[in-house]
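See structure below.
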Amino acid sequence: MKKKKWGVGIIGAGGWGGLAHAPALKVLEAYEAKAVTGTRLESAQRAAELLGIERYYIDASEMARQSDIDIAAVTVKVPEHDRLIRAVLEAGKHVYCEWPLARTTAEAEELLVLAKERGVQHIVGLQARANSNVCYMRELVADGQIGQVIAVNIAVTLPVFPTTNGVVDQAHVYLLDASNGANQLTVGAAHILDAVEYMVAPFIEVSAALAVQYPDVTVLETGETVQADAPDHVLISGKLEGGALVAAQIVNGGALGFTLRVIGTNGELVITPRDGLMFQMDRLNLSYVSPSGEAEILEAPEPDVSLVSWDTLPGPGYHVAHQYIALSKQLAGETAELPDFAQAVRLHRLMDAIRQASQTGIRQAVE
């Protein structure tokens with residue numbers, strides 16, 4: 001089915017929705033942001049006015065039922081995902097939900113079943129898969145440009161996530177509670193581990209150590225101390241299909257940056273930051289290093305921008321925009337590869353295996 005513009009309702013435009021989804025939709029000819037929702041009428045109205053969106057609601061169900069809303073983007077904190085996605089599915093609308101899909105694997109599995117029953121398109125915000133350099137590395141690996149992959153090495157330092165030297169602002173206190181489902185494992189590590197599975201091969205087993213190295217955290221605005229039980233340091237070793245071994249360390253400290261090396265029998269491919277952002281937002285630098293040590297910078301083919309009215313500036317909305325492009329193709333009946341709720345369930349299960357490995361000290365098979 002073809003449609004000139006798809007109407008989108010943004011649930012939670014005050015945070016990630018306003019930073020990433022609204023700017024992305026603004027530059028895409030195939031979409032129009034029709035409405036936003038917020039927890040309070042005043043904040044919803046303020047967000048709508050700031051983003052240049054006509055309508056605002058405090059009830060996501062009411063917004064989703066509107067005839068001009070084709071897709072609802074769920075961009076709020078993870079604990080609310082399950083309730084809001086159910087409301088969108090009840091209205092029979094397509095849904096783009098940010099990652100993590102849910103607090104638990106059980107919740108994610110139920111949402112996948114409901115989305116399939118409704119017959120709607122469902123996409124999860126694993127936006128690194130829309131990065132042109134990630135896609136290019138995937139092609140190079142599949143084409144055997146570095147021979148057989150024997151190792152993947154990942155080092156990520158995030159001195160501002162989830163805390164900054166043991167200090168957190170009020171808006172991000174929820175990251176410290178493991179039951180909320182958003183933390184260094186499920187965000188900092190999950191995005192890059194998903195990219196590894198996409199570029200190289202799925203994990204088949206993992207060992208892990210998860211640590212809370214900032215157990216007592218100061219709230220910036222109030223000075224109060226809160227306790228953290230969500231991991232802020234993730235150490236993983238694993239094996240991929242095909243036999244490649246993985247070593248990954250994601251740390252709440254150091255100087256902001258990351259290096260991802262995919263090492264083969266005929267050289268290696270290396271990813272480093274280009275924009276100084278978290279891995280899933282950064283445009284990335286990609287290079288090939290030969291066995292002799294000679295490095296060559298690689299330029300990925302330009303992403304498909306045929307549906308973009310002008311260049312999307314680098315930043316939080318850059319890869320989100322390209323995921324929306326792929327979604328518009330899928331909605332038009334074309335073939336497009338998108339991370340959906342099934343992929344989200346797969347990644348949730350990988351997170352479960354990592355937690356279990358850390359708790360038991362026993363290497364875990366990954367479903």
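Could you please find all residues in segment 139-179 being in a helix (DSSP H, G or I), open to solvent by 30 Å² or more (accessible area, probe 1.4 Å) and farther than 15 Å from A211 by Cα?
Selection gives E139, A142, Q170, A171, H172, V173, Y174, S179.
What number goes with the only condition from (1) touching a Pro at 6+ places or on another chain (Cβ under 8 Å); (2) open to solvent by 50 Å² or more (accessible area, probe 1.4 Å) that P215 does not pass?
So P215 meets the others, but not (1).
Would you tally the residues in segment 1-21 being in contact with a Pro (Cβ under 8 Å, 6 or more places away or on another chain) and either open to solvent by 50 Å² or more (accessible area, probe 1.4 Å) or free of Cβ contacts under 8 Å to residues at least 24 places away in the same chain (or both)?
2
Within segment 271-300, which residues are closer than 17 Å to Y198 by Cβ and either in contact with a helix residue (DSSP H, G or I) (Cβ under 7 Å, 6 or more places away or on another chain) or open to solvent by 20 Å² or more (accessible area, probe 1.4 Å) (or both)?
Hits for segment 271-300 are I271, M278, F279, Q280, M281, R283, L284, L286, A300.
Could you go through segment 90-101 and let me know if any residue there is within 17 Å of P316 (Cα to Cα) and either of a type in the set (A, V, I, L, M) or assigned to a loop (DSSP other than H, G, I, E, B) (or both).
Yes, the conditions are met somewhere in segment 90-101.
So which residues in segment 56-72 are in a strand (DSSP E or B) and open to solvent by less than 40 Å² (accessible area, probe 1.4 Å), if there are any at all?
The answer is Y57, I71, A72.
Which one of these is open to solvent by 30 Å² or more (accessible area, probe 1.4 Å), at pLDDT 95 or above and under 24 Å from L175 (Cβ atoms): T104, T75?
It is T104.
Looking at A47, A24, A33, which is the one that is modelled with pLDDT of 95 or more, touching a helix residue (DSSP H, G or I) at 6+ places or on another chain (Cβ under 9 Å) and buried (at least 21 other Cβ atoms within 10 Å of the Cβ)?
A33
Looking only at strands (runs of 3 or more DSSP E) that lie completely in segment 193-291, which have at least 2 residues being under 23 Å from P301 (Cβ atoms), of a type in the set (A, V, I, L, M) and touching a residue at least 60 places away in the same chain (Cβ under 8 Å)?
Counting at least 2 such residues, we get 257-264, 267-272.
When you go through (1) touching a Gly at 6+ places or on another chain (Cβ under 6 Å); (2) assigned to a loop (DSSP other than H, G, I, E, B); (3) of a type outside the set (S, T, N, Q) one by one for I53, which number turns out not to apply?
(1)
Just wondering, is there one or more residues in segment 137-144 that are among the β-branched types (V, I, T), out of contact with any Asp or Glu (no Cβ under 9 Å at 6 or more places or on another chain) and free of Cβ contacts under 8 Å to residues at least 12 places away in the same chain?
So far as segment 137-144 goes, no, none of its residues is among the β-branched types (V, I, T), out of contact with any Asp or Glu (no Cβ under 9 Å at 6 or more places or on another chain) and free of Cβ contacts under 8 Å to residues at least 12 places away in the same chain.
I need a count of the residues in segment 330-367 that are acidic (D, E) and part of a helix (DSSP H, G or I).
Residues meeting the conditions: 1.
Within the group A47, A35, which residue is part of a strand (DSSP E or B), closer than 17 Å to V76 by Cα and hydrophobic (A, V, I, L, M, F, W, C)?
Unique residue meeting the criteria: A35.
The values are calculated or read from the model by the stated rules, or taken from the named source; none is laboratory data. Computed from a predicted structure; not experimentally measured. Backbone-built Cβ (ideal geometry, glycine too); neighbour counts: all protein chains shown. Ligands, DNA and RNA are stripped out before the accessible areas are found, and what is left, the full protein with its side chains, is counted by its heavy atoms. Shrake-Rupley method; radii C 1.70, N 1.55, O 1.52, S 1.80 Å.
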